[in-house]
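In what follows, a single structure is set out as structure tokens and then discussed.
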Amino acid sequence: MKNWSAFLVLWFVVPFYAQTSEQTISGMVTDVWETPIPNVNILLKGTDRGTQTDESGWFSLYTLVNEVLVFSSLGYGSVEIDVPETGEELKIVLSPKATELDEVTLKKRKLKKQKDFLAEYPENANLIKTSSGVLDKDRSSSALRVINGTDLVAIGPDFLSSLKNFSPNMRVVRPPFAPDVEVYLFRIVFTSIDDELDIPPKAIFDVDGFIQETAPTYLSANDIDRVAILERNAAISRYGPRGTGGVIVVNTKATTQMDQFGVDKRYDNSVLHDSLSELFIDQRGYSPKPPDYMEAYGEATTVVVAERLLERDKELFLKNPIFFLDLADYFRKRWKDDKTSDMLLKEVRQRFPENSAVLRSLAYRYDILGRKNEALDLFLEILELDPSAAQSYYDLADVYAEKGNDKKASEVYDRYLHHRNNDSIAFDEYGADLMMTLESLNTLKPQKEKISWEKLEKEAGVEISRTRVLLTWSNHNINIGFLMASPESLYDTWTNTVKLNRLQNGEALRGYACAQFFLDDDPKGKWQLNLQHYEGADQEPTYLHISVFFDYGLPTRHRVLRLFKLTSEYEGTGLLTVNTQSGTVSD
């Protein structure tokens, strides 16, 4: 009987011992893009034992067979697995979890008109009246600060003496060191190209809806109801080139009292947003003037006739890249003749191999056609031809990112950073090189880069929204401007001249040929993008490449592309409409 008891004890103990044997489990945790995820929490379910992944996503942990491992990380769904008996290395994949994005959940707000903002003004300290309408700090696409007049102290000769305490970089230069009182909102080190470029841009003033270049030194701190300071993109987007040096917006107590007494005072002297928006927002679609040689092709009744015309004209236009690009577009759209169109595009590459503006125009055409490999080859050639231009790096990195090769895209950004570090013009992360900084962050996963996005918004003075409109153009030597009108008939503008860009942040010096608009997440509706002006030489092609990103900064990001040929003569200015409600783009 004792022998049977011993056997039973051993029979129960041996299997139990086998089930509780210790072993080391190791492996890697990645996201769905196979990017290692650091600091993932790994716990043995029902215990307080666990670890975290290191910077390379690697982990190692003592476990017992048949225990349950729980993997979790902010922004990802959790994963549970049984500890395997074999002890093989594990590869765990965490998927993004949309429900974890509480911090970017948008609160719905009622669409408001200017009269609604004016009614709220006495109670809402985040409102400031400007020459282009009432600006709401909470709804602004750019960062700004609104300062209450009661916080200003009546010291010095005017309110500027007290305002300096709210803007550490602000400098006030008074006579005899300047003819008049001059205000500079930020300190910039300019690369000396000529004497004019050594003069930094001055701030302008928007006082009760009237813009003036001279400082309103007749105002004391006791006269001010509210004041706002707009710098960098915030000033440029609202005031255009005049705002290069920043804008100080002043609302006086006297004008505020007139509003409260019922005096009808408009704060949109440059644009009456509610009643005159049609004067500034062209509803007609943009249409470039066709060249004279296209008249005969428009009259062609068959593709055979068109091909004969092409054979006749080719020798006449051998040195005109615009001819080949126009005819390639014509044969593809008018006759669905992809063979002839592709032949013409190949000729462009063969005949103009040293012209970066022509090759960039061709690359944009291939990109629109979805032929990323041909576009990639061209952008590689452009970088070799023009290695000093930031746009060369930007376009190359963008096409790598669109092909899903974030590693290559990051290498291009690093290469540009190295180029700047070895160049006389330094890398300006949150200023002139903001575009490059933004795109380099966008190749990383937003769940791991939340802090970096927040820092970018703070340092650069921009607010990252979920809809972004990116505009790039193929020719650097142009003057161009855009107007973006919101569903509320408010608008932002962006304008470019070589001189102004050098003074502003140095984009032209670095070789950028791009602009962007972030569209407010709320209220949703139709945004209208217009071409405000264009000046360029018609001897070289200029193509405008527009990318509209929806769900920008999220794994679900997608974009819609458009391409426009720009000419000095054109009809209409409406480029496209972005509907942030439906996530669509229409021409």
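Within the full protein context, the accessible area of R174 is estimated at about 70 Å² for a probe radius of 1.4 Å.
Take L385: with every protein chain present and a 1.4 Å probe, its accessible area is about 70 Å².
Coupling constants for segment 207-223 follow from the phi torsions by the Karplus curve (6.51 cos²θ - 1.76 cosθ + 1.60, θ = phi - 60°), and in residue order they are 10, 6, x, 10, 8, 9, 8, 8, 5, x, 6, 6, 9, 9, 4, 6, 8 Hz; glycine and proline get x.
Taking only protein heavy atoms and a 1.4 Å probe, the accessible area of segment 22-94 is 49% carbon and sulfur.
Over 29 Å apart at the Cα level, from the set K45/K91; K407/K565; K407/K524; K314/K408; K129/K289, are K407/K565; K407/K524; K314/K408; K129/K289.
Solvent-accessible area of Y366, all protein chains in place: 10 Å² (probe radius 1.4 Å, heavy atoms, ligands and nucleic acids excluded). About the centre of its Cα atoms, segment 353-586 shows a dipole size close to 560 debye [charges on the beta carbon of Lys, Arg (+1) and Asp, Glu (-1) only; nearest 20 debye]. When all protein chains stay in place and ligands, DNA and RNA are ignored, the 1.4 Å accessible-area order of H533, H558, H545, largest first, is H558, H533, H545. Rounded to whole numbers, the Karplus 3J(HN,Hα) couplings from phi for segment 367-382 are 4, 5, 6, x, 9, 5, 5, 5, 5, 4, 4, 5, 5, 5, 5, 5 Hz, using 6.51 cos²θ - 1.76 cosθ + 1.60 with θ = phi - 60°, and x at Gly and Pro.
The order of I546, I81 by accessible area, most exposed first and with a 1.4 Å probe, is I81, I546.
Taking a ≥ b ≥ c as the square roots of the eigenvalues of the alpha carbon gyration tensor, segment 353-586 is rounded, as a/c is under 1.5.
Ordered from highest to lowest accessible area with the whole protein assembly present and a 1.4 Å probe, F427, F352 read as F427, F352.
The values are calculated or read from the model by the stated rules, or taken from the named source; none is laboratory data. Computed from a predicted structure; not experimentally measured. Reconstructed Cβ throughout: ideal geometry from the backbone, glycine too, with neighbour counts over all protein chains shown. Please note that ligands, DNA and RNA were not included when accessible areas were found on the heavy atoms of the full protein model with its side chains. Shrake-Rupley method; radii C 1.70, N 1.55, O 1.52, S 1.80 Å.
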